[in-house]
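Take a look at the structure set out below.
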Amino acid sequence: MRPTWRSAPDLVVRLVLVVAGLGLWTLHAGSWGLGGRSPVLNYDTSQYALAARELAFHARLATTFALPIELVRHATPPWPLAVVQPGLMVAEALLFRVIPAAPDRLTLVLPFACYILLAITLATAAGRLIAAQAPSLDPARARLAALTIGLCLLLDPEAQHFAVGGFTELPFALGLATACAVLLGEHGAARRPLLFGILLGATGSFRASGLWLAPLLALAAAAIAPGRRVRVAALSLAGYALVLTPWWLYKWRVFGTPGWDLSSLIVWEGVQGRTWFSIFHLPEMPALPHGMEALGLISTKIARRLPGLVLALASGPRVLWTGALVLWLVAIRPPRALTVVVIVLLIANALGLLAAAATIPWIRFLFPTRVLLEAAGVMSLWGLISSAPESLIGPRLKPALAVAVAALAIGWGVNQTLSGNQEALATSRQRGVPSDSTLRAIAARVNEQAPAGETVMSNLGPTLAWAAARPVVHLAQTPADLAACRSRLPFRYVIVAFRDAGSAWPGWQDVLDRPEEAVKHPEWNVAHERHWQEPDGFKVVWLELGPLEPNLAAVVP
């Protein structure tokens, strides 16, 4: 009897994945010191939590954190949403409304659920593919193969990392996996293309990369459809647009263009000496190249960074999985739906590589498509072994090789998990964000000594905005840039917190090293200074700025 994924043995597979996922999540959270050495909310995740809190409790699309560059368009808080995507924000806002207590912990609910569901989705899809492509295979072996695919996802250290924070990667990856599973279904997306498009829209609401992946998946749906392919593609894209049109209209109304996203400027990081800090931590829009000059500079950046990303993506057995997938696609000639989905995964990963090379060369940006490609690679290697001629691989050797592939995949995952937990433990002890207790202590002091609702500037940025429940502007690039920021927003207090002067931003190292001399720089306009050291070793410098100079006060809106 073939697996139905509703029988008791199939439910056991799901239960094993749930228990394994919970255990691995707990181990990684413990290594990371979640809620202790490491706050639940970090720089990225706290931005979504802030926007969700504003939506949940003030019914507005806004945030209480801004980068200095944002003061150019909107000087006063609350600020419009220039960075976050709507999917995670809306999901967290709903959780905040339902369970108002301990909202920072609630940001872990959706990523953890997606972590488990993604493993189950991959295992279920693998089981169904095996049943369709190898109907003579023993059901027990098919279930073990499906379990292996699910466990590989759970053992991925990046998946564990994203599951212990309010990140968008896991919801986005779950949406992509679901879309691929729909395409592989009996009727694909042809029967309900509008619903398929809505799925793409919901997925794309978590990451901007959905903007180029949605058309690719819509074309895949049309390619698989038995007829009326133009209708399938059009309705799929219509469903995608139906979900995201309100968000685009908001962007258009607030920023003047539906595609505005401040994070898109990161494409200029590393170009002509620009850095993330020089782009975002000055209250001015950077002067950027245009036309062919811009194209040439970005192309050079991609060419410089792409080889390193490819090598990182080919580490361990990953190159084996990808190579097996390509060979399987050429040698086996699978059914149309399977061929189309594999091609989509290969193209999606190629696009992800180009996007990462054009922005910041972090392999984490490839996670949503990478994990799907690796699962497909393991499956394809099993397929190659199964279909190999007996003159090449005897019937007794095939099961042993299949087990060896599973052992390699699981062994690699275990090794990566152990390395990831060790890295998390070391990083959590040296990272540039204070412990949870220190962050609360700094927030309490700010709220005691600064008037309620008054904006402060701090390198703690969105994490302080969350903990203190007040507007925060991220720290200017250097103390000399404070006046330019104050010409747009008249704040008085600057809180600088780093582990030590060596870990401070270059322009602020002297302030951390010799804080008492800050008042000796008239161009900084520091009226008072105080500093202290927190129990976890973080040094905090509090600067109270003097009154705005007349020429600056005149331009403050």
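The values are calculated or read from the model by the stated rules, or taken from the named source; none is laboratory data. This is a predicted model, so every value here is computed, not measured. Counting neighbours? That spans all protein chains shown, and the Cβs are built from the backbone with ideal geometry, glycine included.
Answer yes or no as to whether ARG97 is under 20 Å from PRO462 (Cα atoms) and among the basic types (Lys, Arg).
no
Return the pair list, or none, for Cβ contacts closer than 9 Å from residues in region 24-49 that are closer than 25 Å to LEU151 by Cβ to residues that are acidic (Asp, Glu), at least 6 apart or on different chains.
SER31/GLU423; LEU34/ASP436
On the given criteria, is ALA375 in contact with a helix residue (DSSP H, G or I) (Cβ under 9 Å, 6 or more places away or on another chain) and over 25 Å from GLY165 (Cα atoms)?
In short, no.
Which count do you get for residues in region 315-362 that are of a type in the set (Val, Ile, Thr) and outside any helix (DSSP H, G or I)?
Looking only at that region, the number is 2.
Checking the conditions here, which among SER7, SER38, SER46 is at pLDDT below 90 and closer than 30 Å to PHE491 by Cα?
Matching residue, one of SER7, SER38, SER46: SER38.
Can you tell me how many residues within region 487-546 are within 12 Å of ILE442 (Cβ to Cβ) and aliphatic (A, V, I, L, M)?
Looking only at that region, the number is 5.
Considering region 167-214 alone, what residues qualify as being in a loop (DSSP other than H, G, I, E, B), within 25 Å of the chain's Cα centre (by Cα) and modelled with pLDDT under 90? Break it down stepwise before answering.
From region 167-214, those in a loop (DSSP other than H, G, I, E, B) are 167-168, 184-192, 205-209; that's our starting set.
Adding the requirement that they be within 25 Å of the chain's Cα centre (by Cα) leaves 167-168, 205-209.
Scanning region 167-214 gives ALA208, SER209.
Of all residues in region 492-522, which are touching a residue at least 40 places away in the same chain (Cβ under 8 Å) and either touching a Gly at 6+ places or on another chain (Cβ under 8 Å) or surrounded by fewer than 20 Cβ atoms within 10 Å (Cβ to Cβ) (or both)?
Across region 492-522, the qualifying residues are ARG492, TYR493, PHE498, ARG499, SER503, TRP505, HIS521.
Among residues belonging to region 368-393 that are assigned to a helix (DSSP H, G or I) and of a type in the set (S, T, N, Q), point out the one that is nearest to LEU200 (Cα to Cα). Before you say what the answer is, go through the steps one by one.
First, the residues of region 368-393 that are assigned to a helix (DSSP H, G or I): 368-387.
Filter once more, so that each one left must be of a type in the set (S, T, N, Q): 369, 380, 386-387.
Details: THR369: 14, SER380: 26, SER386: 34, SER387: 34 Å.
The residue in question is THR369.
So VAL541 ticks every box in (1) more than 28 Å from GLN430 (Cβ to Cβ); (2) without any contact (Cβ under 8 Å) to a residue 60 or more places away in the chain; (3) buried (at least 20 other Cβ atoms within 10 Å of the Cβ) but one. Which box is left unticked?
(1)
Which one of these is touching a Pro at 6+ places or on another chain (Cβ under 8 Å) and assigned to a helix (DSSP H, G or I): ALA465, ALA480, ALA443, ALA476?
Going through ALA465, ALA480, ALA443, ALA476 in turn, the sole match is ALA465.
On the basis of being within 30 Å of ALA465 (Cβ to Cβ), under 22 Å from the mean Cα position of the chain (by Cα) and either among the hydroxyl-bearing types (Ser, Thr, Tyr) or at pLDDT below 90 (or both), does SER428 make the cut?
yes
Just a yes or no: is a residue in region 232-250 assigned to a loop (DSSP other than H, G, I, E, B) and either touching a residue at least 60 places away in the same chain (Cβ under 8 Å) or within 30 Å of GLY507 (Cβ to Cβ) (or both)?
Checked region 232-250: no residue is assigned to a loop (DSSP other than H, G, I, E, B) and either touching a residue at least 60 places away in the same chain (Cβ under 8 Å) or within 30 Å of GLY507 (Cβ to Cβ) (or both).
From the list VAL254, VAL267, VAL271, which residue is assigned to a loop (DSSP other than H, G, I, E, B), of a type in the set (A, V, I, L, M, F, W, C), modelled with pLDDT under 95 and farther than 27 Å from LEU117 by Cβ?
That would be VAL271, the only listed residue that is assigned to a loop (DSSP other than H, G, I, E, B), of a type in the set (A, V, I, L, M, F, W, C), modelled with pLDDT under 95 and farther than 27 Å from LEU117 by Cβ.
Scan region 282-307 and report the pairs whose first residue is under 25 Å from TRP505 (Cβ atoms) and whose second residue is of a type in the set (Gly, Ala, Ser) and part of a loop (DSSP other than H, G, I, E, B), with Cβ atoms within less than 8 Å and a gap of 6+ or a chain change.
LEU282/ALA476; PRO283/ALA476; PRO283/SER487; LYS301/GLY270; ARG305/GLY270
Residue-by-condition table, conditions (1) out of contact with any helix residue (DSSP H, G or I) (no Cβ under 7 Å at 6 or more places or on another chain); (2) touching a residue at least 60 places away in the same chain (Cβ under 8 Å):
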residue	(1), (2)
GLU169	no, yes
ALA179	no, no
GLU186	yes, no
ILE198	no, no
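Return the pairs, sorted by first residue and then second, in which the second residue is β-branched (Val, Ile, Thr) and assigned to a helix (DSSP H, G or I), the first residue lies in region 344-357 and is within 15 Å of LEU176 (Cβ to Cβ), the beta carbons are less than 6 Å apart, and the residues are 6+ apart or on different chains.
As it stands, the answer is ALA348/THR369; ASN349/THR369; GLY352/THR369, since those pairs meet every condition given.
Only residues that are outside any helix (DSSP H, G or I), surrounded by fewer than 18 Cβ atoms within 10 Å (Cβ to Cβ) and on the phi < 0 side of the Ramachandran plot: list them for region 76-117, please.
Hits for region 76-117 are THR76, ILE99, PRO100, ALA101.
Take the residues in region 403-414 that are in contact (Cβ under 8 Å) with a residue 40 or more places away in the chain and more than 22 Å from the chain's Cα centre (by Cα); name whichever of them is nearest to LEU373 (Cα to Cα).
Ranking the qualifying residues of region 403-414, first place goes to ALA409.
Check whether at least one residue in region 64-85 is touching a Gly at 6+ places or on another chain (Cβ under 9 Å) and within 17 Å of TRP247 (Cα to Cα), and report yes or no.
Yes, there is a match, as at least one residue in region 64-85 is touching a Gly at 6+ places or on another chain (Cβ under 9 Å) and within 17 Å of TRP247 (Cα to Cα).
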